[in-house]
1. Applying the selection to segment 282-295, what residues are more than 19 Å from residue 80 (Cβ to Cβ), modelled with pLDDT of 95 or more and more than 10 Å from the ligand (Cβ to nearest atom)?
2. Identify, by number, the condition in (1) more than 19 Å from residue 110 (Cα to Cα); (2) within 16 Å of the ligand (Cβ to nearest atom) that residue 328 doesn't meet.
3. Which of (1) modelled with pLDDT under 95; (2) out of contact with any helix residue (DSSP H, G or I) (no Cβ under 6 Å at 6 or more places or on another chain); (3) under 27 Å from residue 566 (Cβ atoms) is the odd one out, the single condition residue 469 does not satisfy?
4. Are any of the residues in segment 305-328 within 26 Å of residue 422 (Cα to Cα), in contact with a helix residue (DSSP H, G or I) (Cβ under 6 Å, 6 or more places away or on another chain) and not in a loop (DSSP other than H, G, I, E, B)?
5. Which of the following residues is part of a loop (DSSP other than H, G, I, E, B), buried (at least 20 other Cβ atoms within 10 Å of the Cβ) and either within 13 Å of the ligand (Cβ to nearest atom) or free of Cβ contacts under 8 Å to residues at least 40 places away in the same chain (or both): 223, 279?
6. Go through (1) surrounded by fewer than 16 Cβ atoms within 10 Å (Cβ to Cβ); (2) away from the ligand (no atom under 14 Å from the Cβ); (3) under 20 Å from the mean Cα position of the chain (by Cα) for residue 252 and report which single condition fails.
7. What is the residue count in segment 82-106 for residues that are closer than 21 Å to residue 289 by Cβ and either without any contact (Cβ under 8 Å) to a residue 12 or more places away in the chain or within 16 Å of the ligand (Cβ to nearest atom) (or both)?
8. Output the residue which, of all residues in segment 107-118 that are modelled with pLDDT of 95 or more and within 16 Å of the ligand (Cβ to nearest atom), is farthest from the chain's Cα centre (by Cα).
Ligand code: IVH
């Protein structure tokens, strides 16, 4: 293609890709297939490599991450990025409100309430509508230039929907799901784990290699605009609307609050919602809505007087470390675990906290017998924040990482480039039990009822040596186990039978091959179509696939060559477990753009199956009820989500209605 038509096509492609990216990542409502999107992207990359001089700031190729850098440049914030004052009680909020009433000489003040996202503040500069630079908050006056990493965040517009100059501020965060997935992958690779989604987001933004940042599930909510040139905007509420119109993702739970009562009510509402949100929040932020009033209230050097963060009571407490034990994971990773004097945190009893690896034990200087501060953020695993060294009595003992596996006694090794110590014995009992648990997990074969204790029982009773043996179990075998009644035994056999029909990607993920996570399993299953074809693939064939690198290829080949895998696969074949990947049905996108929330217990399908059915037809499954939800599917014992959905006038369907919607036969 000549230069001129190439330039035209490039502009067209950039617009097209940015637009579809917006539909997908901001509106959560994709309108073209992933395949077509990929095709546009390929064409763009090809043209850009032919004509590098035609590169542009708004090019979606920036999403893939540029070349690594050696250090971040410094950025001065023209308008300082202030912090927020905190309130921890309703009284403190009242005091904030009274002060404003006094300053303004007004009775009631309209506030905007927003969830306080637990992430990192960033500043985004746009010129002529193009994203030119982005920075961290730093000390509020000087931050770091993290433009290349920010470009990889799909919900960050590289091009605004108006060609204006603007400085937008917002919060970069990671969803709980994205964080859990990232840590799972890191665990499989023997890398150290992130303590919480916020740390994971921070670590990702500070990557010197943007290609690494591009692999991290980062997201962004915009919440303010500074240096407003558009004088017709007079309130925070209008700013939020403008940000949305410019193409940003704005949090859906923001609310305009007419008085203090409404403000308190908003806090209570968000507090109940908080655990069902897909990301972590640590409070709510109140901002005076009227920009002129904001100016009147002014700021201190630290924080504005027109805004406050009302923080949720932190689930934090002090307890003693009774002991530090070690556990062995599915891939042999040996992890130290703090055994705590039981402590009640936000309604659940905390008895253990992972210490991740021995470096973390050293870094935090944790000893057996120490008094420690334990923190539990949302439903995330509890974490040891710090040791109270002043409370040491002298009787504390250092933890010594064992050099042999606590389960099988074999020598543990640290593989090159890995932080974790690993047991390399594939027959190690702890690993076998963990492999059974993984195989049965929801994302893998979804064998509900087969959890930690049953997996251990099955193994230790000699009934199950590997996951292949699960399908040879009989009611008679199961009834021999302690605490397993006839009903549970039959349930388990039914679920096992049903799981035989799972598509290949689930089986593949369930086999627990190192480095083969859910995503790689789907990719491999889609490409090779059957387990025997995959098992016969050569390294070159594997590496030829996008996203499959030499390490995954090596891991797959060593797995399939191993005697153990051969035995398991033979057993699975004997049991007639499905080895094929289902073909995607074309034209079944009838639920595209519709979102669903499930609540209560479903009888006919597992949650995971219901989710897949919706997603298979192009629909979305969300975890929280909001006005963006189209259907609430309520099973037995549905609770607060049902009430909320009714309040919002969302269509509520029972399981039968759901089945009808999917055109399945009703019961
Ligand atoms: S407004 C001057 N709005 O909280 C206004 N901040 O503790 C300052 N944050 O640094 C920011 N959600 O990282 C604002 N909806 C929200 C927020 C929010 C989270 C963070 C932000 C800020 C920190 C202050």
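1. Within segment 282-295, 289, 290, 293 qualify.
2. So residue 328 meets the others, but not (2).
3. Every condition holds for residue 469 apart from (1).
4. yes
5. Only one candidate passes the filter, namely 279.
6. Against the list (1) surrounded by fewer than 16 Cβ atoms within 10 Å (Cβ to Cβ); (2) away from the ligand (no atom under 14 Å from the Cβ); (3) under 20 Å from the mean Cα position of the chain (by Cα), residue 252 comes up short only on (2).
7. 16
8. That would be 111.
The values are calculated or read from the model by the stated rules, or taken from the named source; none is laboratory data. Being a predicted model, the structure only gives us computed values, none of them experimental. We place every Cβ from the backbone using ideal geometry, glycine too, and count neighbours over all the protein chains shown.
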